[in-house]
1. When the Karplus curve 6.51 cos²θ - 1.76 cosθ + 1.60 is applied with θ = phi - 60°, which whole-Hz ³J(HN,Hα) does each residue of the range 115-127 get, with x for Gly and Pro?
2. Could you name the lysines in cross-link range of residue 134, using Cα to Cα under 17 Å and dropping any fewer than eight places away on the same chain?
3. Given a 1.4 Å probe and every protein chain left where it sits, what share in percent of the accessible area of the chain is carbon and sulfur?
4. Please work out which option in (1) 1.01; (2) 1.09; (3) 0.95 gives Rg/Rh (Cα atoms, Kirkwood Rh) calculated from these coordinates, and answer with its label.
5. To the nearest Å, what is the center-to-center distance of the range 106-143 and the range 18-56, using C-alpha atoms only?
6. In whole percent, what relative contact order does the chain give with Cα contacts below 8 Å and a gap of six or more residues?
7. Convert each backbone phi in the range 137-147 into a coupling constant with the Karplus relation 6.51 cos²θ - 1.76 cosθ + 1.60 (shift: θ = phi - 60°), then list the ³J(HN,Hα) values in order as whole Hz, x for Gly and Pro.
8. Of 94, 116, 136, which is farthest towards the positive pole of the range 88-147's charge dipole, taken about the Cα centre with +1 and -1 on the beta-carbons of Lys, Arg and Asp, Glu respectively?
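The values are calculated or read from the model by the stated rules, or taken from the named source; none is laboratory data. Predicted model only: the values in this text are computed from it and were never measured. Glycine gets a Cβ as well: all are built from the backbone with ideal geometry, and neighbour counts include every protein chain shown. Please note that ligands, DNA and RNA were not included when accessible areas were found on the heavy atoms of the full protein model with its side chains. Shrake-Rupley method; radii C 1.70, N 1.55, O 1.52, S 1.80 Å.
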Amino acid sequence: MAAIVERIEINRRPEDVFAYLDDLSRHGEWQEQIVSTRVDTDGPTGVGTRATDKRRLPGGARNITYEITEHDPPRSISFRGVNGPVRPVGKVTVEPLDGGARSKVTLDFDLKGQGLGVLFAPLARANARKEIPKSHRRLKEILERES
């Protein structure tokens, strides 16, 4: 899948990291492009959970709805976009380091064009390549500050 693979080590237990990532309503705290998030399904995050992020993107703000396709706490979560001409697909893996005292977070991510979106996907990927490392640094700062 991977057009983009980004890793970061965080000085927090995998269970803590995963719990934070699993709270979809908090993604805007560490992803600067998110203006707002609405969780569209009831109950805890799991396979089939849907959420809509309003994101600042080149060309203006857009609503991006995605669905959780795999959910294996505290190890991994996968998602795929369900609307729009350019749709995200990805997997986040949280691995224990130092006997579980620290974590390595890996994002395996791509943007798939649908219809005319095929023309825009390479530009969207280039933007994501710049934004994802910044988001990961903010994620690390927030989680290490909260510990």
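1. x, 5, x, 4, 6, 8, 4, x, 5, 5, 4, 4, 5
2. Straight-line reach from residue 134, under 17 Å: 104.
3. C and S atoms contribute 50 percent here.
4. Step by step, Rg/Rh (Cα atoms, Kirkwood Rh) for this structure corresponds to label (3).
5. 16 Å
6. Working: 305 pairs, mean separation 41.5, N = 147.
Relative contact order for the chain comes out at 28 percent.
7. So the Karplus estimates, Gly and Pro as x, are 5, 5, 4, 4, 4, 5, 5, 6, 6, 6, 6 Hz.
8. Going by the charge dipole, the pick is 116.
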